[in-house]
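The values are calculated or read from the model by the stated rules, or taken from the named source; none is laboratory data. Since the structure is predicted, the reported quantities are computational estimates derived from the model, not experimental observations. All Cβ positions, even for glycine, are placed from backbone atoms using ideal geometry, and neighbour counts span all protein chains on display.
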Amino acid sequence: MDFAYSPRVEELRKQLLAFMDEHIYPNEHKYYAHVRSDKRWEPVPIIEALKPKARKAGLWNLFLPRSPRAPEGLSNLEYAPLCEIMGRVSWAPEVFNCSAPDTGNMETIERYGTEEQKDEWLEPLLRGEIRSAFLMTEPQVASSDATNIECRIKREGNEYVINGRKWWSSGAGDPRCKVYILMGKTDPDNTSRHAQQSMILVPAGTKGVNILRHLNVFGFDDAPHGHMEIELKDVRVPASNILLGEGRGFEIAQGRLGPGRIHHCMRLIGQAERALEKMCKRATERVAFHRTVAEQGVTRERIAEARIMIDSARFMVLHAAWKMDVVGNKIAKKEIAMIKVLAPNMACQVIDWAMQVHGGGGVSDDFGLAFAYAHARTLRFADGPDEVHRNAIAKQEIAEQTTVAESLAKAKRV
């Protein structure tokens with residue numbers, strides 16, 4: 001593969017870097033002032049003010065490939081370096097309508113929704129008029145195994161009736177969240193465990209939907225986005241809200257999570273780059289034992305190691321993005337799984353080293369490192385825990401190596 005950026009991507013990178021310098025970095029204090037205020041569960045004014053500027057600049061919906069409704073969308077490989085830049089500031093992706101879980105939900109509706117579903121939900125999401133949430137994880141089961149999902153979706157005439165409880169429903173705390181994509185079981189007795197689940201669109205505010213509480217992550221409530229625990233009690237939605245058809249939920253989940261995983265990895269590289277930048281700056285400013293921290297051997301070793309780790313992760317992410325574009329998400333599943341293990345662990349380590357250089361300041365709210373670490377650590381669970389991905393990688397590797405060994409053995413016998 002060619003790692004050189006295309007002329008279009010180079011131009012977009014220049015535009016995006018200039019936008020970040022002019023509008024994002026100078027306004028970080030405004031964002032944090034709002035989300036630490038008593039109005040933190042309301043939309044963030046600075047984000048809303050910057051969205052029209054981003055759209056006017058052509059930096060809008062860049063994440064969605066091959067969609068006639070979003071012709072500005074890029075391929076995974078083209079989007080990767082831009083997503084990384086956005087990821088340098090946690091709230092920046094929303095400015096460009098490129099933030100989770102909306103990106104995954106928009107791609108899901110685009111790929112698996114009917115034209116009517118796209119008109120009703122995808123279009124306002126693409127315009128940035130509403131937000132969405134993805135309801136999959138449940139408190140009573142190990143949701144890393146998606147076949148464990150217990151939420152019941154039962155057909156009654158022209159409606160589906162939904163009963164269950166979800167948590168870590170990211171985005172459901174936002175007052176602009178108007179639709180959930182929910183995964184549950186329509187056929188719990190099906191002999192195929194992967195054909196029991198379905199996905200369905202549930203309008204937020206439907207009778208029987210109760211938001212019980214927001215869940216903190218290492219003490220952060222992530223307002224106004226939020227991670228909510230939600231009870232669904234006799235929630236009725238039209239049968240036409242089903243996505244793709246009954247029994248297709250597991251298939252949709254696999255299709256949805258592929259792009260979401262790689263987007264997370266891209267943004268994590270941006271977070272790691274920002275942490276390394278802060279680490280280098282702090283290390284040259286602070287003096288300990290008559291030398292700057294940057295002159296201490298252990299600091300230099302960590303800075304060098306961080307650069308190696310970040311660049312290694314970036315090249316693996318670019319390779320996975322290229323493979324997704326060339327052969328599709330399904331065939332690139334091993335590469336996606338590998339970066340999903342690598343990128344969060346890399347980011348956790350780099351941010352941890354940056355925190356160490358900052359001393360007590362590193363664990364405060366003053367430098368953004370504690371929040372970045374909490375986010376990176378969380379992504380070792382989100383979209384599948386490390387253990388699940390490692391297991392999948394190993395199974396595929398064993399299958400591939402066994403096939404190779406058998407072929408070599410046969411060739412020797414001949």
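Can you confirm whether Thr186 is surrounded by fewer than 22 Cβ atoms within 10 Å (Cβ to Cβ), more than 26 Å from the chain's Cα centre (by Cα) and among the β-branched types (Val, Ile, Thr)? For Thr186, the condition - surrounded by fewer than 22 Cβ atoms within 10 Å (Cβ to Cβ), more than 26 Å from the chain's Cα centre (by Cα) and among the β-branched types (Val, Ile, Thr) - is not met. For region 136-161, name all the residues that are over 29 Å from the mean Cα position of the chain (by Cα), charged (D, E, K, R) and more than 13 Å from Leu232 (Cβ to Cβ). Result: Arg155, Glu156, Glu159. Note on region 303-333: residues that are under 12 Å from Arg261 (Cβ atoms) and of a type in the set (D, E, K, R) total 1. Answer yes if at least one residue in region 159-168 is assigned to a loop (DSSP other than H, G, I, E, B) and at negative phi, and no otherwise. No, region 159-168 contains no residue that is assigned to a loop (DSSP other than H, G, I, E, B) and at negative phi. When each of Tyr5, Tyr31 is tested for being closer than 21 Å to Lys323 by Cβ and hydroxyl-bearing (Ser, Thr, Tyr), the lone residue that passes is Tyr5.
Determine if region 226-235 includes at least one residue that is of a type in the set (Asp, Glu) and in contact with a Gly (Cβ under 9 Å, 6 or more places away or on another chain). There is at least one residue in region 226-235 that is of a type in the set (Asp, Glu) and in contact with a Gly (Cβ under 9 Å, 6 or more places away or on another chain).
Among residues of region 155-176 that are more than 20 Å from Glu229 (Cβ to Cβ) and outside the structural domain of Ala382 (by TED's automatic domain parsing), those with a Cβ under 9 angstrom from a residue that is assigned to a loop (DSSP other than H, G, I, E, B) and of a type in the set (D, E, K, R), sequence gap 6+ or separate chain, pair up as Arg155/Glu246.
Restricting attention to region 385-413, the residues that are touching a residue at least 40 places away in the same chain (Cβ under 8 Å), part of a helix (DSSP H, G or I) and closer than 19 Å to Leu257 by Cα add up to 8.
Taking the criterion of being surrounded by 20 or more Cβ atoms within 10 Å (Cβ to Cβ) and free of Cβ contacts under 8 Å to residues at least 60 places away in the same chain, the residues of region 71-94 that qualify are Gly73, Glu94. Among the criteria (1) modelled with pLDDT of 95 or more; (2) within 30 Å of Glu11 (Cα to Cα), the one Asn158 does not fulfil is (2).
Does Ala272 satisfy the criteria of being crowded, with 23+ Cβ neighbours inside 10 Å and either farther than 30 Å from Val202 by Cα or at pLDDT below 95 (or both)? So Ala272 fits the description; yes.
Just one of the numbered conditions (1) more than 30 Å from Asp221 (Cβ to Cβ); (2) part of a helix (DSSP H, G or I) is not true of Asn329: (2).
Scanning region 285-305 for residues that are in a helix (DSSP H, G or I) and surrounded by 12 or more Cβ atoms within 10 Å (Cβ to Cβ) turns up Val293, Ala294, Glu295, Thr299, Arg300, Arg302, Ile303, Glu305.
Among residues of region 133-144 being touching a residue at least 40 places away in the same chain (Cβ under 8 Å) and closer than 18 Å to Ser198 by Cβ, the one that is surrounded by the most Cβ atoms within 10 Å (Cβ to Cβ) is Leu135.
What number of residues in region 350-374 are of a type in the set (Ser, Thr, Tyr) and part of a helix (DSSP H, G or I)? Here the count works out to 1. In this structure, does Ala354 turn out to be over 27 Å from Arg256 (Cβ atoms), surrounded by fewer than 21 Cβ atoms within 10 Å (Cβ to Cβ), in the same structural domain as Leu379 (by TED's automatic domain parsing) and among the small types (Gly, Ala, Ser)? For Ala354, the condition - over 27 Å from Arg256 (Cβ atoms), surrounded by fewer than 21 Cβ atoms within 10 Å (Cβ to Cβ), in the same structural domain as Leu379 (by TED's automatic domain parsing) and among the small types (Gly, Ala, Ser) - is not met. Looking across region 1-42, the residues that are under 25 Å from Gly226 (Cα atoms) and of a type in the set (Ser, Thr, Tyr) come down to Tyr25, Tyr31, Tyr32, Ser37. Among the residues of region 364-414 satisfying the criterion of being surrounded by 11 or more Cβ atoms within 10 Å (Cβ to Cβ) and among the polar types (S, T, N, Q), which is nearest to Arg36 (Cα to Cα)? By that ranking, first place goes to Ser364.
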